[in-house]
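The values are calculated or read from the model by the stated rules, or taken from the named source; none is laboratory data. Quantities reported herein were computed from a predicted structural model and do not represent experimental measurements. No Cβ is skipped: glycine too gets one built from the backbone with ideal geometry, and neighbour counts run over all protein chains shown. Heavy atoms of the whole protein, side chains included, go into the accessibility calculation; ligands, DNA and RNA do not. Shrake-Rupley method; radii C 1.70, N 1.55, O 1.52, S 1.80 Å.
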Amino acid sequence: MESRHNQVSRRSLLKSTLIAGGGALTGSSFLRAGTDHIYSAPARIRSESSRPQLPWGVQLGDFTPQGLTLWCATDRPSELHLELAEEASFRSPVCLAGSYALESQDFTARLNLRKLPRWEQIHYRVRFRDLNARGLLSEPLVGSFRPMPAEPTRIRFCFSGDTAGQGWGINTEFGGMKIYQAMLQRQPDFFVHCGDYIYADGPIQSEVTLDDGALWKNIVTESKSKVAESLSEFRGNYQYNLLDTNVRQFNASIPQLVQWDDHETLNNWYPQEILDDSRYTEKSLALLSARAKQAFLEYTPINPVFAAEQRIYRSFCYGSLLDIFMLDLRSYRGPNSPNRQEQRSEATDFMGPKQLEWIKQSLLESQATWKVISSDMPLGLIVNDGATDFENCANGDGPALGRELEIADLLQFIMEKDIKNVVWITADVHYAAAHYYDPNRAQFKNFKPFWEFVSGPLHAGTFGPNTLDNTFGPEVKWKGIPDDLKANRSPADGYQFFGEIEVNAANQAMIVRQFNIKGEEVFCMILNPER
């Protein structure tokens with residue numbers, strides 16, 4: 001029998017800092033697929049005598065060998081209670097409490113677990129205690145996840161982006177967002193969502209007619225029936241994705257590292273923009289993006305330390321094998337323009353000076369074999385914004401100009417400091433590809449050659465391929481779609497992708513794979529580290 005001393009030791013194993021936020025939807029409603037009537041969601045019906053409800057499941061995030069963040073939400077002022085156990089029977093659990101779900105943050109709450117126990121599998125049980133009726137406890141949500149050793153000998157993670165875009169919502173007849181189930185079957189250690197976590201600017205219709213005349217039938221919520229402008233509508237876009245069973249199952253056991261791009265607010269936005277769009281009554285992107293960012297930080301499982309700082313760029317260390325650096329190419333950029341400036345200024349900002357200095361210093365200090373930079377946009381693919389402006393740093397063939405000057409500065413720094421084994425991952429363009437950036441092919445030549453792997457969409461329209469810009473010498477080594485693919489292909493066409501990266505201590509090689517919506521491997525290559 002386990003001694004009382006050992007029981008006490010187990011219970012005191014996780015002396016974590018518990019930081020809570022708040023958030024939820026009151027009076028939520030949704031449109032069932034194939035109907036024209038909006039119904040109240042049963043999970044959101046509130047009765048003062050009922051238990052607190054947990055309608056959006058559990059999310060795990062910002063995972064490292066040391067700790068992670070657990071996210072959950074309810075429907076009223078409540079206190080989050082968490083139990084951790086080595087066994088599914090929850091014998092001798094570690095009990096944690098103290099994070100509050102309050103109306104100011106939509107009744108969302110999170111716990112930052114700074115020190116995870118060294119168990120093979122961690123089982124968890126989440127409840128909320130009603131703050132107005134202290135005797136009322138919610139039904140529990142139970143799940144588990146696999147922690148990581150302090151010095152992993154193998155790391156495997158998935159990456160992709162672009163969820164519920166271009167009118168392709170949750171179709172229960174199709175099986176919902178099935179690619180999340182395909183990723184779950186891979187059992188990665190964690191998942192990197194490279195941005196476009198929602199499509200706040202993309203209303204969902206109840207039915208879409210496919211090319212063959214068949215109907216794609218979406219669940220539609222009130223918040224997804226128009227472009228998001230209010231804080232409540234931005235929150236409702238995150239809640240929409242959490243209606244999907246595949247997404248909730250994935251979130252419950254696979255920790256996520258998340259970043260944002262444009263569609264969390266509006267297509268191709270920049271902070272200084274004033275809208276000329278009849279769909280919007282609010283024209284200031286400064287205000288819209290502030291609401292969007294609050295909803296993003298409330299509804300994604302970001303470490304509360306970063307959430308409090310409202311900082312999306314951050315890094316994660318996985319022992320001597322791997323470091324991951326998450327960029328934010330949206331919050332600090334200058335205006336979209338023809339992007340042909342010859343000198344750097346506020347107008348050419350992409351990361352911005354503070355973030356650029358951070359990524360340089362972080363790469364320089366990294367002791368990991370592999371340094372993976374997760375970018376919310378590819379470097380060498382042209383993404384237009386209107387007839388004359390550019391959304392990305394790429395602005396057409398030629399020398400480094402405009403936003404490219406910032407990227408050139410970073411790439412030259414990596415070369416000058418001889419920082420080895422830097423790999424880029426990204427999404428955004430709604431197809432999968434492998435790009436090799438070669439200074440011998442480039443207009444700007446002061447950099448080490450490197451790989452960039454593009455994946456997505458997870459559940460959105462498929463587009464592409466985009467035109468390459470030769471400034472940094474990219475070459476397409478593989479792409480997952482034909483050149484003549486018709487724009488905005490539905491998930492039913494099968495051109496949905498996620499990437500996977502595996503690194504091993506045995507030979508320190510990196511294996512990069514791409515999978516389609518069925519979980520079928522469609523690409524694989526091995527990168528050997530530079531010594």
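Some notes on this structure:
- 13 Å Cα-Cα reach of LYS420 towards aspartates and glutamates, excluding residues that sit fewer than 8 places from it in its own chain: ASP323, GLU365, GLU530
- Projected onto its three principal axes, the C-alpha set of the stretch 289-447 covers 42, 39, 32 Å, listed from the longest axis down.
- Hydrodynamic radius of the stretch 476-531 per Kirkwood, over alpha carbon pairs, in Å: 13.1 Å
- Estimated inter-spin distance, ASP409 and ARG279, nm [label 7 Å along Cα→Cβ]: 3.4 nm
- Legend: Rg and Dmax of the chain, from Cα coordinates, 22.8, 74 Å.
- Per residue, in Å², the accessible surface of the stretch 248-303 once ligands and nucleic acids are set aside, probe 1.4 Å: 33 Å²
- In the context of the full set of protein chains, residues of the stretch 75-156 present 44 Å² of accessible surface per residue (probe radius 1.4 Å, heavy atoms only).
- Amide H contacts of GLU229 (H built 1.01 Å from N, under 5 Å, at least 5 apart or other chain): PHE234
- Protection-proxy order for peptides 285-292, 298-305, each taking the mean of Cβ atoms within 10 Å per residue, highest first: 298-305, 285-292
- Using alpha carbons only, the radius of gyration of the stretch 111-242 set against its Kirkwood radius gives Rg/Rh = 1.05.
- Residue-wise HN-Hα coupling along the stretch 146-159, computed from phi with Karplus coefficients 6.51, -1.76, 1.60 (Hz; x: Gly, Pro): 9, x, 10, x, 4, 10, x, 9, 8, 10, 9, 9, 9, 8
- Peptides 183-194, 119-130, 53-64, ordered by how many other C-beta atoms sit within 10 Å of their residues on average, highest first, read 53-64, 183-194, 119-130.
- Cut-off 17 Å, label 7 Å out along Cα→Cβ of GLU207, residues of the stretch 169-199 by amide N: 169-174
- Under the Karplus curve 6.51 cos²θ - 1.76 cosθ + 1.60, θ = phi - 60°, whole-Hz ³J(HN,Hα) for the stretch 210-217, x wherever Gly or Pro sits: 7, 4, 8, x, 5, 9, 8, 10
- Eligible aspartates and glutamates near LYS477 by straight Cα distance, threshold 14 Å, same-chain separation 8 or greater: ASP438, GLU452
- Using the Cβ-Cβ distance between LYS518 and GLU173 with R0 set to 25 Å, the FRET efficiency works out to roughly 0.90.
- Under-5 Å amide H pairs with GLU391, H placed in peptide plane, nonlocal only: VAL383, ASN384, ASP385
- Sorted largest first, the principal axis extents computed over the alpha-carbon atoms of the stretch 415-485 equal 40, 20, 15 Å.
- Over the stretch 305-369, all Cα pairs binned in 5 Å intervals from 0 give whole-percent P(r) values of 4, 15, 22, 19, 17, 12, 7, 4, 0, listed from short to long.
- Pairwise Cα inverse-distance average, inverted: Kirkwood Rh of the stretch 69-134 (Å): 12.5 Å
- With the simple model of a label 7 Å out from the Cα in the direction of the Cβ, LYS226 to SER320 spans 5.9 nm.
- Of the Cα atoms belonging to the stretch 382-451, the radius of gyration and Dmax stand at 13.0, 39 Å.
- On the beta carbon distance between GLN343 and ARG154, with R0 = 51 Å, the FRET formula returns roughly 0.65.
- Flagged links, alpha-carbon separation over 22 Å, of LYS417/LYS445; LYS115/LYS417; LYS226/LYS293: LYS115/LYS417
- Solvent-accessible area, 1.4 Å probe, carbon plus sulfur percent, for the chain: 48 percent
- Computed on protein heavy atoms with a 1.4 Å probe, the accessible areas place GLU530, GLU229 in the order GLU530, GLU229, largest first.
- The modelled label-to-label distance for the pair GLN367/VAL476, using points 7 Å beyond Cα in the direction of Cβ, is 4.2 nm.
- Across the stretch 374-531, the volume of the C-alpha convex hull divided among the residues equals 115 Å³ per residue.
- If you sort LYS115, LYS479 by accessible surface, 1.4 Å probe, largest first, the order is LYS115, LYS479.
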